[in-house]
Every structure is written in structure tokens, then in C-alpha cells.
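> Can you keep this structure in mind? I'll have questions shortly.
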Amino acid sequence: MGKEIDFVNRDPNGLNDHVRVLFDEVLGEPDGAHSINCLWSCAYKCFNCWKGCCYKTLTLICGIPLAICWGCEFAYITFWHVWYITPCMRAYMINCGCMQKFYGTCLQCYLQPLCEAYSFLFSNIRVTNYSG
């Protein structure tokens, strides 16, 4: 809560690099197909002006309600992880550890002696090839 807000770099983790919309990343004229310079300059100004105005209007209208909704959503997710999912996973891991010991003991007590007996039994088998 005590962290200062950075008003210059508002996306320090690059979360929204995929929606970076600068004029020259959206519109571009190839060599041999250039419009009049004043038109290109006007298009640049109009694009940036309307993009900025529309974005600011949408954030003014929707920004606070959406911030409230997302705050509630992440509070809900955090609540369920802290109070339900993590304790369930811990109980599951405890039970898995118990079952692992039980299973390992059963293998060592019942299956391992059988495998050793069979290995001793089959170790005396000799295979020879007759070429005749």
C-alpha cells in the first residue's frame, strides 16, 4: 500500500506491450505510394488526437468502475486461495505423503520378496543354441 505511483512509466512490467498503438505502427505508406505531406501530417495529428481523446473519455467513464470490479475479482481470487485452495492442497499433499508411505511399505513387504524369489528361480535357467 505504501508504494508510490509512477505517473511516467505506467506499465513497468510491460503487461500491455501488445496493444501499443502508435501512428507509425498502424499506418504506413510504402515507397512509391506517398500521399501529400500536409495530408500525412494531418492524418498523424488526427489519429493521435482522436486516439487520446477517445481513450481518455473511455477511462473517465469506465476506469473507476472497472478498477473496482477488478479489485473485487482479485480480492475474491486471493480470498479463495488463502482460505480454501491452499489449505485443500496442503491436506491433499499430507494425505499423498501418507499414501506414498503405505504404498512403499506394501511394495517392500509383499512384492519385493516375490520378485527376489522369482529372480533367484529364473537365474538358474540356461539357454543354449543348437545348430544342427
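The values are calculated or read from the model by the stated rules, or taken from the named source; none is laboratory data. Computed from a prediction, not measured in an experiment: that's the story for all the values here. Virtual Cβ from ideal backbone geometry, glycine too; neighbours counted across all protein chains shown. The protein model used for the area step is the full one, side chains on, heavy atoms only, and it has no ligands, DNA or RNA in it. Shrake-Rupley method; radii C 1.70, N 1.55, O 1.52, S 1.80 Å.
> Which ones in region 68-100 are under 20 Å from the mean Cα position of the chain (by Cα) and not aromatic (Phe, Trp, Tyr)?
Result: Gly71, Glu73, Ala75, Ile77, Thr78, His81, Val82, Ile85, Thr86, Met89.
> Just checking, how many residues over region 43-77 are β-branched (Val, Ile, Thr), open to solvent by 80 Å² or more (accessible area, probe 1.4 Å) and over 30 Å from Asp24 (Cα atoms)?
Number of matching residues: 2.
> Next up: Being among the small types (Gly, Ala, Ser) and open to solvent by less than 70 Å² (accessible area, probe 1.4 Å) is the filter here, so list the residues in region 1-21 that pass it.
Answer for region 1-21, where residues must be among the small types (Gly, Ala, Ser) and open to solvent by less than 70 Å² (accessible area, probe 1.4 Å): just Gly14.
> Out of region 22-42, which residues are of a type in the set (A, V, I, L, M) and open to solvent by 70 Å² or more (accessible area, probe 1.4 Å)?
Correct list: Leu22, Val26, Leu27, Ile36, Leu39.
> Pairs, please: C-beta under 9 Å, at least 6 apart or cross-chain, first residue under 22 Å from Asn48 (Cβ atoms) and in region 2-25, second assigned to a loop (DSSP other than H, G, I, E, B)?
Once the first residue is under 22 Å from Asn48 (Cβ atoms) and sits in region 2-25, its partners that are assigned to a loop (DSSP other than H, G, I, E, B) give Asp17/Asp11.
> Evaluate region 49-63: report whether one residue or more is over 34 Å from the mean Cα position of the chain (by Cα) and not β-branched (Val, Ile, Thr).
For region 49-63, residues over 34 Å from the mean Cα position of the chain (by Cα) and not β-branched (Val, Ile, Thr): present.
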